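K.L.:
The structure that follows is given in the form of structure tokens.
The values are calculated or read from the model by the stated rules, or taken from the named source; none is laboratory data. Please read all numbers here as calculations on a predicted model, not as lab measurements. Note: ideal-geometry Cβ built from the backbone for every residue, glycine included; neighbour counts use all protein chains shown.
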Amino acid sequence: MLEKQHEPIAFELAQSVKTHNHKILYLCNSDKEARLIKNELKLFLDDTEIGYYPEREILPYDRFSTADSIIQKRIKLLNSDKSNIKLIITSCINLFEKLPSKKFFVARKSFKTNDLLTIKDLTTSLDSLNYERTDKVNAINQYAVRGGVVDFYSGFHLNPVRVDFFGDQIDEIREFDPLTQNMTNKISEFQLFSGSEVSLDDESIGKFKKAWRNYFQNHDERYCEIFQCLALGKYPEGYEIYNPLIQLGDSNLMDYFSGFKLIKSHQIDQILTSHQAFVEERYLEESIDSSRPILKPEDYIFEIEDLQVYLKSADQLSFSDSNLAIDYSKEKDIQLKELIEKQVNGLIDTLLITSSEQTKLDQINKQYKTNIASLPFALQNGIFSCIHLPVRSFISKNGKFAHLNLDEVMNSEILNLESTPANQDSLIEKFENPFHDDELVIHVDYGVGIYKGLELLKTNSSEEEYIQIEYLEKEILYVPIRQAYLVSKFQVSQSHGVRLDSLSSAKWKIKKDKAKIKARDHAAELLDIESRRSVATSHQLICEEKSYQEFDKDFPYVLTADQVNCIKDILKDMALIKPMNRVICGDVGFGKTEVAMRGAFVAVHSKKQVMVLAPSTVLAKQHLESFTKRFVNFPVNIELLTRHTSLKNKSKIYDDFKDGKIDILIGTHALLNHDISLENLGLLIIDEEHRFGIKQKEIIKSRQSTTHILYMSATPIPRTLNLVYSGLKDFSYLYTPPLERLSVRTFLNTQNQQIIKNAIDRELARGGQVFLVQNDISKMEGLKTQIKNLVPEANIDIAHGKLSKKDITNTMNGFNSNSIDILICTTIVEMGLDIPNANTMIVIDAHNFGLSQLHQLRGRVGRSMRQAYCYLLIPTPDLKKAPKAKLDSLVKYSDLGSGYFIAQEDLEIRGAGDFLGVKQSGHIEAIGLSMYLSMLKNAVSDLKGHEQEKILDTEINFNDRALIPDTYLPVANERLKIYRYLNDAKSDEEINKILEALKDRCGKPNEDLLNLIESSKLRILANKIGIKKIYSNLENAMITFNDNLTDQVYKKLIGLIQTGSAKIKLDKENKITLDVSETNNKRIAVAGLLNELI
């Protein structure tokens, strides 16, 4: 008996569109099927001819809102010019939803470059359309004003829009990336739509209030939080339950696509009936909360009778069983062979073979001499192949066309194989996070205080911003911006109960001196290790270009910019005689394994063996799967050795490794024994080294002097460690999120059955899977029974470390292949499992987990293009302050962007602790991580005999305003960031770049800012020469030199004075006076003189 055949829906729809030249709207059984058909249609139609309208991915009466990315896709299609679109695919469930009338989606206003418009007019329009004003635009429905620039983000535009004004005129219109805030391209016009799918202008709010009060006459609006938010023009989570009361008119999805012929799936009646029953069941579950009254089902959605008006005229595709079939029980290569025979024997006319992996296609082209096809595919006789996303295989209704896809279709949502846009930046740029108000900071000379923001201080004729720090007894220290480098975050693992230092006490100096001595001892230890490695030699591992190119081509995705740099570093290190000692740091899922596999490939190619060491059996198995899959087209032998390996197999593996029959050996610390011969070991890859015990680390160290070693760490390691270890260990950072990855939405809730049920229903409804984490093994069976009662139709299984190897393997395989819906497990999932279809994680008793554990757990979901959810459940809202703060920070910083690093500060402290060793933790706690690292770096440099670079902070005062006005860049933290960038700049080019970025974000600079830019350029010149102070009034500029002026500068200075060409006078105390009375720009006059002295 053959398995059920996939119906060739996409093929028949595409043929129908082409032959009858009409437009079709196809109603699928589910959103999952719609996504699959959309990908299959791309074989036969151009992308622009296909429309896909997604489901909301929330439950009826949900307490959640739909993800921004989905709202954008929906609005874009409803609002698009549909003349080009030939086929629209959507789930039939979408028919139930009441949408606003078509008029709503018409653009309110349209503007072009050079149109007359004031900033006030634009912001008034945005306010009336209910956009929310923020400091920085990074989500739909927001706008921000800085200087002469207005940013706004509407669901109707794919990217946010930046409008740059010149007076009362639009000077330029640009799109920008919300992550980096940098411009992506210029456009000539923009349209103003309401920010979201429902508008909360005054008129709509008035209508909503009236409708709500009429409908819920027995409810008190004061207790309904959603009502209160909507009445204030805000969108709370779950506002969609009141959409029918907010929007004008009730349109059906069909009303938007008049002119499209409707075709429905076979099971549509049954699906619509069961969905209506589901809405009624949800109504009963959710209507018990009196503070959140909900509409009755008949007022909330369309009823089936209403839909019949549209459905009765709909056609159905009919498929009779073809005589030909694909036997899915056989291996792919046998399926291929059989289909090729049928084509050669004239049973089918056309065979199209697709895969997302180029090497698979190359092999087939070699073997069968197929024709290379381009997409969209035009029907013609023969055997063709082309690269495409993983989709289903099928045979056409008439049996004349067959399509075979060589990939496993695990899930319909697969990353696009398009190249990365140039603006896909690494997050490193956003890593340098400035301080937050009331955060603990540390000043090199005065110790720990509280950051109180920036303060503008005026003297007689100049104004400057200062960093304000509060110390014990409310003493305030004002630090000039040029000395910002003296202030850093106070990073310790426990910030509760930290005692502030006093400006009038010497205690801080004693503490600092103690730590300095310790840092010096620590530095000596580090250098001792280095000296032993520096005399060791290892084999140079090099691979010829052609073979490496083949391996590179076999990677089905696009490398991120960070991966490219990281791979370069590793290949360069391995080609040297000096043993490599490199650490790759990167968040879970950011592509460390691919980087390591490339290193392994080069080592094997150089006739050397590779060992991969993982901290757990589960992770070792996953590495085995990843490596085996990645090396499938290359002659490489890979084996696994763990504590579960039988004695007989163990001794065979030892012998085979010794005889060179195994190229790559993957395993747990079972590899760390003296029975394994390491004579031909070229590369050792160690994953999550900090999870190994001290004894194992010692064994690793004893073996490491002559082997290339690559460490992989998902615990963030501060970049400053890089400087400390320079020459001892090298670091590479992977901070670019893979393309199209969405951040994980994280929620902190008190545990109850309804939240768990909703979360599971929501995920299973979109064809996904759920992780349920419970670290107490004794409670698992009870939890399984409880979940079974909540969702009887789901497949549930359990995995934890105490189960037998066989049981764990079976469960994991079941979860991997989609046959298990819900996996109840302990934290073994944090060990690097990769299941793109599991996008909901529920953590029971989240307060019992460490922050890095939770962070890594959360990294297991959101590994595809789907919106992922993580629920941290706690037994009671009244938790102690520290665990609550930990969980809050995780919820607050769930973004993939800059905030994500703040949640990692705690992890950095751990990461640094793991690297520096336990002995150092006391001193790190006393003076904070950043200062300890800076001391350690200086101590290492001293012991190596390196001269330390002196930081000169030249005081520059031209008796005018040289600053970033708060009207130009209103957020103090953002200003502080720019000040620090300017202070750190080492060249005029860097400063010009900063100015360009500011112009893009805030518009034309004013005089205060241009003064600051010129002063920053002067500071660079002054540093090169050795100038302490530049002071200027209307008549003269006084320049004070350091005591140790170089002979070269001194000679040039005397030469200038003697020739009398510059109006200079030399005073006795290293000071010269320059006459600037006749120049308009005094800074340029001083710069002219300094340039002559260089």
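K.L.:
State all residues of the range 16-31 that are in a helix (DSSP H, G or I), within 40 Å of the chain's Cα centre (by Cα) and surrounded by fewer than 19 Cβ atoms within 10 Å (Cβ to Cβ); if no residue qualifies, say none.
P.N.:
Restricting attention to the range 16-31, the residues satisfying the condition of being in a helix (DSSP H, G or I) are 16-20, 31.
Okay, now just the ones that are also within 40 Å of the chain's Cα centre (by Cα), so 17, 31.
Correct list: empty.
K.L.:
Of the residues that sit in the range 334-360 and are modelled with pLDDT under 85 and of a type in the set (D, E, K, R), which one is surrounded by the fewest Cβ atoms within 10 Å (Cβ to Cβ)?
P.N.:
First pass over the range 334-360, keeping only residues modelled with pLDDT under 85: 356-360.
If we keep only those that are of a type in the set (D, E, K, R) too, we end up with 357, 360.
Details: 357: 20, 360: 22.
Once the filter is applied, the top-ranked residue is 357.
Residue-by-condition table, conditions (1) within 47 Å of the chain's Cα centre (by Cα); (2) more than 30 Å from residue 165 (Cα to Cα); (3) in the same structural domain as residue 965 (by TED's automatic domain parsing); (4) at pLDDT below 85:
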residue: 1004; (1), (2), (3), (4): yes, no, yes, no
residue: 1013; (1), (2), (3), (4): yes, no, yes, no
residue: 1022; (1), (2), (3), (4): yes, yes, yes, no
residue: 1057; (1), (2), (3), (4): no, yes, yes, yes
residue: 1061; (1), (2), (3), (4): no, yes, yes, yes
residue: 1086; (1), (2), (3), (4): yes, yes, yes, no
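K.L.:
Would you call residue 781 part of a helix (DSSP H, G or I), modelled with pLDDT of 80 or more and either among the acidic types (Asp, Glu) or closer than 14 Å to residue 870 by Cα (or both)? Can you show your working first?
P.N.:
Details: part of a helix (DSSP H, G or I): yes; modelled with pLDDT of 80 or more: yes; either among the acidic types (Asp, Glu) or closer than 14 Å to residue 870 by Cα (or both): yes.
When the stated conditions are applied, residue 781 passes them.
K.L.:
Of all residues in the range 752-778, which are part of a loop (DSSP other than H, G, I, E, B) and out of contact with any Phe, Trp or Tyr (no Cβ under 9 Å at 6 or more places or on another chain)?
P.N.:
Here is the first cut: in the range 752-778, the ones part of a loop (DSSP other than H, G, I, E, B) are 752, 766-768, 774-776.
Once the filter is applied, which keeps residues that are part of a loop (DSSP other than H, G, I, E, B) and out of contact with any Phe, Trp or Tyr (no Cβ under 9 Å at 6 or more places or on another chain), the range 752-778 yields 752, 766, 767, 768, 774, 776.
K.L.:
Quick one: in the range 80-121, which of the residues that are more than 34 Å from the chain's Cα centre (by Cα) and free of Cβ contacts under 8 Å to residues at least 40 places away in the same chain is farthest from residue 45 (Cα to Cα)?
P.N.:
120
K.L.:
Out of the helices (runs of 4 or more DSSP H) lying entirely within the range 589-698, which hold 2 or more residues that are at pLDDT 90 or above and under 31 Å from the mean Cα position of the chain (by Cα)? Break it down stepwise before answering.
P.N.:
Numbers: elements: 592-605, 617-630, 647-658.
Of the helices (runs of 4 or more DSSP H) lying wholly inside the range 589-698, those with at least 2 residues that are at pLDDT 90 or above and under 31 Å from the mean Cα position of the chain (by Cα) span 592-605, 617-630.
K.L.:
Please note which strands (runs of 3 or more DSSP E) are completely contained in the range 458-551 and include at least 3 residues that are touching a residue at least 60 places away in the same chain (Cβ under 8 Å).
P.N.:
Output list reads 463-470.
Residues are listed down the side, and each one gets a yes or a no for (1) among the hydrophobic types (A, V, I, L, M, F, W, C); (2) touching a Phe, Trp or Tyr at 6+ places or on another chain (Cβ under 8 Å):
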site: 473; (1), (2): no, no
site: 485; (1), (2): no, no
site: 492; (1), (2): yes, no
site: 543; (1), (2): yes, yes
site: 558; (1), (2): yes, no
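K.L.:
For residue 478, only one of the following conditions fails: (1) surrounded by fewer than 20 Cβ atoms within 10 Å (Cβ to Cβ); (2) under 20 Å from residue 452 (Cβ atoms); (3) in contact with a helix residue (DSSP H, G or I) (Cβ under 9 Å, 6 or more places away or on another chain). What is its number?
P.N.:
(3)
K.L.:
Then there is this: What is the residue count in the range 1019-1061 for residues that are among the hydrophobic types (A, V, I, L, M, F, W, C) and surrounded by 20 or more Cβ atoms within 10 Å (Cβ to Cβ)?
P.N.:
Counting residues in the range 1019-1061 that are among the hydrophobic types (A, V, I, L, M, F, W, C) and surrounded by 20 or more Cβ atoms within 10 Å (Cβ to Cβ) gives 8.
K.L.:
Being closer than 18 Å to residue 324 by Cβ, without any contact (Cβ under 8 Å) to a residue 60 or more places away in the chain and charged (D, E, K, R) is the filter here, so list the residues in the range 349-398 that pass it.
P.N.:
Once the filter is applied, which keeps residues that are closer than 18 Å to residue 324 by Cβ, without any contact (Cβ under 8 Å) to a residue 60 or more places away in the chain and charged (D, E, K, R), the range 349-398 yields only 349.
K.L.:
When you go through (1) out of contact with any strand residue (DSSP E or B) (no Cβ under 7 Å at 6 or more places or on another chain); (2) surrounded by fewer than 19 Cβ atoms within 10 Å (Cβ to Cβ); (3) under 30 Å from residue 1041 (Cβ atoms); (4) modelled with pLDDT of 85 or more one by one for residue 952, which number turns out not to apply?
P.N.:
Condition not satisfied by residue 952: (4).
K.L.:
Could you grab me the full set of residues in the range 961-989 that are at pLDDT 90 or above and surrounded by fewer than 15 Cβ atoms within 10 Å (Cβ to Cβ)?
P.N.:
Once the filter is applied, which keeps residues that are at pLDDT 90 or above and surrounded by fewer than 15 Cβ atoms within 10 Å (Cβ to Cβ), the range 961-989 yields 987, 988, 989.
K.L.:
From 126, 116, grab the single residue that is buried (at least 19 other Cβ atoms within 10 Å of the Cβ), over 30 Å from residue 6 (Cβ atoms) and not assigned by TED's automatic domain parsing to the domain that holds residue 253. Quick ask: steps written out before the conclusion?
P.N.:
Values: 116 fails: buried (at least 19 other Cβ atoms within 10 Å of the Cβ).
That would be 126, the only listed residue that is buried (at least 19 other Cβ atoms within 10 Å of the Cβ), over 30 Å from residue 6 (Cβ atoms) and not assigned by TED's automatic domain parsing to the domain that holds residue 253.
K.L.:
Of the conditions (1) buried (at least 19 other Cβ atoms within 10 Å of the Cβ); (2) not assigned by TED's automatic domain parsing to the domain that holds residue 178, residue 80 fails just one. Which one is it?
P.N.:
(1)
To keep it simple, each residue is scored yes or no on (1) farther than 30 Å from residue 164 by Cα; (2) modelled with pLDDT of 90 or more; (3) of a type in the set (D, E, K, R); (4) in contact with a Cys (Cβ under 8 Å, 6 or more places away or on another chain).
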residue	(1), (2), (3), (4)
199	no, no, no, no
202	no, no, yes, no
234	no, no, yes, no
261	yes, yes, yes, no
277	yes, yes, no, no
285	yes, no, yes, no
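K.L.:
If a residue counts only when it is under 26 Å from residue 231 (Cα atoms), which strands (runs of 3 or more DSSP E) contained entirely in the range 47-130 have at least 1 such residues? Please lay out each step first, then the result.
P.N.:
On the way: elements: 50-53, 87-91, 109-112.
Ranges flagged: 109-112.
K.L.:
Scan the range 246-262 and tell me whether some residue there is outside any loop (DSSP other than H, G, I, E, B), in contact (Cβ under 8 Å) with a residue 60 or more places away in the chain, of a type outside the set (Lys, Arg) and loosely packed, with under 15 Cβ neighbours inside 10 Å. Reasoning before the result, please.
P.N.:
Of the range 246-262, the ones outside any loop (DSSP other than H, G, I, E, B) are 246, 251, 253-257, 261-262.
When the remaining residues are screened for being in contact (Cβ under 8 Å) with a residue 60 or more places away in the chain, the result is 251, 253-257, 261-262.
Applying the additional criterion that residues be of a type outside the set (Lys, Arg) yields 251, 253-257, 262.
Now restrict to residues that are loosely packed, with under 15 Cβ neighbours inside 10 Å: 255.
There is at least one residue in the range 246-262 that is outside any loop (DSSP other than H, G, I, E, B), in contact (Cβ under 8 Å) with a residue 60 or more places away in the chain, of a type outside the set (Lys, Arg) and loosely packed, with under 15 Cβ neighbours inside 10 Å.
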